[in-house]
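*Asks:* A single structure is presented below for examination.
The values are calculated or read from the model by the stated rules, or taken from the named source; none is laboratory data. Keep in mind that what you see is a predicted model, and the values were worked out from it rather than measured. Every residue, glycine as well, gets a Cβ built from its backbone with ideal geometry; the counts of neighbours run over all protein chains shown. Note: areas computed on protein heavy atoms with side chains; ligands, DNA, RNA excluded. Shrake-Rupley method; radii C 1.70, N 1.55, O 1.52, S 1.80 Å.
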Amino acid sequence: MTKGRITVRGEAETRALGRALSRAAQGGLAICLYGEMGAGKTTLCQGFIEDRTGIAFAASPTFTLLAAYP
């Protein structure tokens with residue numbers, strides 16, 4: 001398992017990171033997010049999902065066990 005730290009400043013950079021993760025992700029990869037409320041987890045997911053599906057909105061993953069997007 002690889003661990004690291006990436007610092008982003010603001011919503012636009014967080015979304016861009018989500019898009020970049022989407023492009024780098026391969027099948028079978030699990031991404032676990034943790035952080036304080038308001039840390040940017042939803043914004044990161046929105047960038048990831050938008051890159052994969054074109055859907056610009058995604059609900060907060062804070063209490064979601066599984067969310068399927070077409």
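*Asks:* Taking interchain pairs and intrachain pairs at least six residues apart, which have beta carbon atoms under 7 angstrom, with the first residue in the range 32-43 and closer than 14 Å to THR14 by Cβ and the second among the β-branched types (Val, Ile, Thr) and at pLDDT 85 or above?
*Replies:* Taking only residues 6 or more apart or on different chains, the pairs are GLY40/THR14; THR43/THR14.
*Asks:* Among the residues of the range 1-45, how many are among the small types (Gly, Ala, Ser), surrounded by 10 or more Cβ atoms within 10 Å (Cβ to Cβ) and not in a helix (DSSP H, G or I)? Give the derivation first.
*Replies:* If we filter the range 1-45 for residues that are among the small types (Gly, Ala, Ser), which is where we start, we get 4, 10, 12, 16, 18, 20, 22, 24-25, 27-28, 30, 35, 38-40.
If we keep only those that are surrounded by 10 or more Cβ atoms within 10 Å (Cβ to Cβ) as well, we get 10, 12, 16, 18, 20, 22, 25, 35, 39-40.
Add one more test, that the residue is not in a helix (DSSP H, G or I), and what stays is 10, 25, 35, 39-40.
Total satisfying the criteria: 5.
*Asks:* Do we find a residue being at pLDDT below 80 and either open to solvent by less than 80 Å² (accessible area, probe 1.4 Å) or not in a loop (DSSP other than H, G, I, E, B) (or both) anywhere in the range 47-54?
*Replies:* Filtering the range 47-54 for residues at pLDDT below 80 gives none.
No.
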